[in-house]
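Participant: Got a structure for you, questions after.
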Amino acid sequence: MDLGTAGDSPDRQDDEPLRARTGRRPKPDPVTLDRAVRARLHRAVLAAVAWALVTAATIVGAILLLRWSDRLLVDGVRAPARVDSVMDDPPGRGNSPYFVVDYAGVRGVIFYHGSTSHHVGEVLTVYYDPADPLHVRTADNPNGDDLWAGGLMILTIVELAPLAWAVAYPVRLAQRRHLAARSGWRAVKVTPFYHTLILRPAGREPTTVKIVTALRPHYQFLTASAPTRGWVGGKNARLVLVVPRGENHYAIPVRATTQHTGNRS
C-alpha cells in the first residue's frame, strides 16, 4: 500500500471540526498512534511469555510423570510370577488385551504394552507396590503408569505450534511499528468485507488487507454499515491499522493483499 511520505499524513482539516462540536474524535498525533501499537505489542509479549510458561510447565509435568511411572522398578518389590491366563481379544468393544499373573499370593492384571506377548505358564519377573499389591508391572510394561505422562507429551506437541506463533507475533508487530514510525500515518476509512478490510485513504486507491491474527472475531466492532475512521502506517504489505475503540485507540496488524484500480473513494 502506498502511504506516501510522513509529511503526506492527514492535514489540519482532519482535526476539524472538533469532537466537542460534532461528536467526532480529533485526529490523534503520531505519539498517540504509536502508543496504541506499543500497548498491543506489550500484550503480545505477555501472551507469548504466558504461553511459554504453560508449555514449560507441561514439559516438566510430563518428565515428572515419566519418572513416577518407573518408580516401581526402584521402590517396588521384585517377585517371580507365573502367567495364569491370557486375554488377547477380550469381549466388549474397546477393551484392551491383558494377561493375569500369580505372584506373592495375589493375582494381578497387566495390560499389554507394545508388541510383547505372553503365554500361559510363562514365568517372568514383576514389580509391585507392597502397599497395594495389585499395582503391578513388568520391566518393559508400565501397565498404565505412563498413561498421564504420554498424554502430557501429546499435549506438549499440540502446544508447540501456538507457541511458535505466539513468539513470532510480537516480533512481526514490532517490525510493523518500526515501519509505521518511518512511513508516517495516513487517515483511512475502514470497511469490513467478508474476512478482509477495505482501507480507503483520501485521494488514493482503496486497499484490501487481511488481519494478521487468529482472533478475528475480536474485531467485530468494525461494521460494514458504518465505515470506521482509522489510521494506517507501514510499508508495502506490512501495515498496522489503528482505530478508535471506545475512548481508546486499538492497533490491528494487517497485511495488504490487493490494491484496487478503478474508481477512487
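Participant: Residue by residue through the stretch 65-82, note down the ones that are in contact (Cβ under 8 Å) with a residue 12 or more places away in the chain, over 16 Å from L134 (Cβ atoms) and aliphatic (A, V, I, L, M).
Facilitator: L65, L66, L73
Participant: Just to check your reading of the model, which residue among V126, V188 is under 30 Å from P80 (Cβ atoms), touching a Lys or Arg at 6+ places or on another chain (Cβ under 9 Å) and not aromatic (F, W, Y)?
Facilitator: V126
Participant: Restricted to the stretch 110-129, and to residues that are modelled with pLDDT under 90 and not in a strand (DSSP E or B), which residue is surrounded by the fewest Cβ atoms within 10 Å (Cβ to Cβ)?
Facilitator: Filtering the stretch 110-129 for residues that are modelled with pLDDT under 90 and not in a strand (DSSP E or B), the one surrounded by the fewest Cβ atoms within 10 Å (Cβ to Cβ) comes out as S115.
Participant: So, K189, is that one within 21 Å of A168 (Cα to Cα), at pLDDT 90 or above and surrounded by 11 or more Cβ atoms within 10 Å (Cβ to Cβ) or not?
Facilitator: no
Participant: Do we have any residue at all in the stretch 200-216 that's among the hydroxyl-bearing types (S, T, Y), within 22 Å of the chain's Cα centre (by Cα), over 16 Å from G230 (Cα atoms) and surrounded by fewer than 17 Cβ atoms within 10 Å (Cβ to Cβ)?
Facilitator: Yes, the stretch 200-216 contains at least one residue that is among the hydroxyl-bearing types (S, T, Y), within 22 Å of the chain's Cα centre (by Cα), over 16 Å from G230 (Cα atoms) and surrounded by fewer than 17 Cβ atoms within 10 Å (Cβ to Cβ).
Participant: Would you call L73 open to solvent by less than 70 Å² (accessible area, probe 1.4 Å), modelled with pLDDT of 85 or more and either in a helix (DSSP H, G or I) or of a type in the set (G, A, S) (or both)?
Facilitator: Yes; evaluated as a whole, the condition is true for this residue.
Participant: Here's another thing I want to ask about it. Could you figure out which of (1) open to solvent by 60 Å² or more (accessible area, probe 1.4 Å); (2) modelled with pLDDT under 90 isn't true of R38?
Facilitator: Only one criterion in (1) open to solvent by 60 Å² or more (accessible area, probe 1.4 Å); (2) modelled with pLDDT under 90 is unmet by R38, namely (2).
Participant: Taking the criterion of being without any contact (Cβ under 8 Å) to a residue 60 or more places away in the chain and under 22 Å from the mean Cα position of the chain (by Cα), would at least one residue in the stretch 175-183 satisfy it?
Facilitator: No, the stretch 175-183 contains no residue that is without any contact (Cβ under 8 Å) to a residue 60 or more places away in the chain and under 22 Å from the mean Cα position of the chain (by Cα).
For every residue, the table says whether it meets (1) open to solvent by 50 Å² or more (accessible area, probe 1.4 Å); (2) under 30 Å from P162 (Cα atoms); (3) not in a strand (DSSP E or B).
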{"position": "T55", "(1), (2), (3)": "no, yes, yes"}
{"position": "R67", "(1), (2), (3)": "yes, yes, yes"}
{"position": "R78", "(1), (2), (3)": "yes, no, no"}
{"position": "R82", "(1), (2), (3)": "yes, no, no"}
{"position": "D89", "(1), (2), (3)": "yes, no, yes"}
{"position": "D102", "(1), (2), (3)": "no, no, no"}
{"position": "G108", "(1), (2), (3)": "no, no, no"}
{"position": "L134", "(1), (2), (3)": "yes, no, no"}
{"position": "N141", "(1), (2), (3)": "no, no, yes"}
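Participant: Go through (1) surrounded by fewer than 16 Cβ atoms within 10 Å (Cβ to Cβ); (2) aromatic (F, W, Y); (3) farther than 30 Å from L46 by Cα for W165 and report which single condition fails.
Facilitator: Going through (1) surrounded by fewer than 16 Cβ atoms within 10 Å (Cβ to Cβ); (2) aromatic (F, W, Y); (3) farther than 30 Å from L46 by Cα one by one, W165 breaks only (3).
The values are calculated or read from the model by the stated rules, or taken from the named source; none is laboratory data. The structure presented is a predicted model; accordingly, all values stated were derived computationally and were not measured. Because the Cβ atoms are built from the backbone with ideal geometry, glycine has one as well, and the counts that use them run over all protein chains shown. To get the accessible areas, we keep the full protein, side chains included, count just its heavy atoms, and leave off ligands, DNA and RNA. Shrake-Rupley method; radii C 1.70, N 1.55, O 1.52, S 1.80 Å.
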